[in-house]
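See structure below.
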Amino acid sequence: MKTSEDWLNINSFDAQTLEAMLKLRGEEANALHTAARECTQQFLGQHVFLRGLIELNNACRKDCLYCGIRKSNDDIKRYIISDEEVLAATEFALENGLGSLVIQGGELNSEAWTSRITSLLEKINHLTGASLGITLSLGEQNAETYQSWLDAGAHRYLLRFETSDPKLYASIHPDNDLHRYDERFAKIELLRNIGFQTGTGVMIGLPGQSYKSLVNDLITMQTIDIDMCGMGPYIEHHNTPLAKIDDQWLSIKERFDVSLNMVAALRLMMKDINIAATTAMETIDEDGRIKAFRAGANVVMPNITPSAYLDSYLLYDNKAGADNHRDKALSIILQDIALAGCEAGLGLPGHPLHFFRKQND
Ligand code: SAH
């Protein structure tokens, strides 16, 4: 069995080693996670950075076969949060030392929508004196839109490539020009070139996925040189086509175990990026976040969406914290950070070190 020391001494990870890492369980997996935590500590310190998550809208023009807010789901109340409500949530973030915001939502691309986001960013920066880091996760947009959002004060963008396997990508999306594998990657490249701190991620345990495919996901993240990653287990949403096919690759519990190993493996591969402990991990395991911190995650996103909308942004079933008001969401997370032996990065924007290292090179 490899010890955590052994893992820390490996400098480059080939596909075979990565596959073995993803398959570890029990004590062997613990040693891997301990190494990843140690590596995080060495390169980034003990802070976990906090991002106040605002789920801005659940209206979406896309129809991803796994997602609960897909366009064809007619069993949800669609909403868009007002600027005033976003600014109230921003004040909560400021008052509580959340160093940054994540504004996430369904993908819309009308001119009215994209310019509204630009003006919202200006309002947020006016309110905060541009003191908060701002991450956007609003899907695929054109270069002008991304540029205007960056110019209006956003720093980071999250766009998961979902899977690096083109066939698997095609099998979990409708076959039309809104949902193309190549386009997804082109947008990630565009975000990088425009100057965003760029984050991506994948779902783990999709029907038809495999360990080899996940290994390739990790190698792809390294190849495209991401700054941030948010990844987690795929979880069924009852009213989606993907949940209806009877073809599980991994049980729910295994998806969690493999997700932890993915976090730990990515940490050892890319030592100075930001990696999130995701809500999907917390949804499967009640100590999911704590375990993710202990396996090398250094970012967490307390949900500060106004309570009235929390039960309308359900990407999958049984989402953790879907009935928690923001005060409660934050206090649970602060407790989890302490239980994991880390320290909350209160008041810190928590920019990914990797982004600035790259620029200096
Ligand atoms: N519209 C934005 C945000 C999408 S929601 C965008 O396109 O980037 C953020 C992420 O939630 C998705 O990228 C996907 O990886 C994840 N997600 C969606 N449905 C899920 C499910 N059923 N299980 C787990 N994760 C899911």
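Read-outs: derived from the displayed coordinates by stated rules, not from any lab. Since we're looking at a predicted model, the values are computed, not measured. In this analysis, Cβ positions are derived from the backbone assuming ideal geometry, glycine residues included, and neighbour counts consider all displayed protein chains.
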- Item | Farthest toward positive dipole pole in the chain [+1 Lys/Arg, -1 Asp/Glu at C-beta], among 106, 264, 203 | 264
- Task: Take every Cα pair under 8 Å in the chain that's 6+ residues apart, average their separations, divide by the length, and report that relative contact order as a whole percent.
- Result: 26
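At a 10 Å Cβ-Cβ cut-off, how would you order 187, 167, fewest neighbours first?
By the 10 Å Cβ count, ascending: 167, 187.
Can you compute the FRET efficiency between residue 91 and residue 361 using 1/(1 + (r/R0)^6), with r the Cβ-Cβ distance and R0 = 51 Å? Round to the nearest 0.05.
For R0 = 51 Å, the calculated efficiency reads 0.85.
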- Item | In range of the label at residue 131: residues from segment 84-112 whose backbone nitrogen is under 19 Å from the point 7 Å along Cα→Cβ | 86-102
- Item | residue 247 versus residue 28: modelled label distance in nm, points set 7 Å from Cα along the beta carbon direction | 2.9
- With a/c under 1.5 counting as rounded, go ahead and sort segment 171-302 into rounded, prolate or oblate using the C-alpha gyration tensor (a ≥ b ≥ c being the square roots of the eigenvalues; past the cut-off, prolate if a/b is larger than b/c, else oblate). oblate
- Which whole-percent values make up P(r) of segment 314-361 when all C-alpha to C-alpha distances are grouped in 10 Å steps starting at zero? 20, 30, 31, 16, 2
- Message: If each residue of separation counts as 0.36 nm, what is the full-extension length gain between residue 17 and residue 111 once their alpha-carbon separation is subtracted?
- Response: 29.1 nm
- Query: Can you give the net charge of the other residues whose Cβ lies under 12 Å from the Cβ of residue 108, counting K and R as +1 and D and E as -1?
  - Reply: +2
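If Lys and Arg each add +1 and Asp and Glu each add -1, what is the summed charge of the other residues whose beta carbon sits under 10 Å from the beta carbon of residue 289?
-3
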- Counted charge near residue 67, where neighbours are those whose Cβ lies closer than 15 Å (Asp, Glu -1; Lys, Arg +1): 0
- If one computes the Cα centroid of segment 248-303 and of segment 102-131, what distance in Å separates the two points? 29
- Query: Which order results if 325, 179 are arranged by neighbouring Cβ count within 10 Å, fewest first?
  - Reply: 325, 179
- Item | Cα-centre dipole for the chain with unit charges at Cβ (Lys and Arg positive, Asp and Glu negative), debye to 20 | 220
- Task: Just the isolated ones, please: cysteines in the chain lacking another cysteine beta carbon under 4.7 angstrom.
- Result: 39, 60, 229, 342
- Note on the structure: By the mean-Cβ-within-10 Å protection proxy, highest first, 3-16, 219-232 rank as 219-232, 3-16
- Sorting 299, 318, 232 by the position of each Cα along the dipole of the chain (Lys, Arg +1; Asp, Glu -1; all at Cβ), the one nearest the positive end of that ordering is 299
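For the chain, what does the alpha-carbon gyration tensor say about shape, rounded, prolate or oblate, given a ≥ b ≥ c as the root eigenvalues, a/c under 1.5 as rounded, and a/b over b/c as prolate? Don't skip to the answer; put the middle values down first.
On the way: a/c = 1.40, a/b = 1.19, b/c = 1.18.
Verdict is rounded for the chain.
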- Item | Cleavage-rule hits, GluC sites (Glu not before Pro), segment 264-361, DSSP coil, Cβ neighbours within 10 Å at most 12 | 286
- Quick note, segment 17-115: a/c under 1.5 would make it rounded; otherwise a/b > b/c is prolate and the rest oblate (a ≥ b ≥ c, C-alpha gyration tensor); here it is oblate
- Task: Let me have the relative contact order for segment 131-253, percent, based on Cα pairs under 8 Å that are six or more residues apart.
- Result: 26
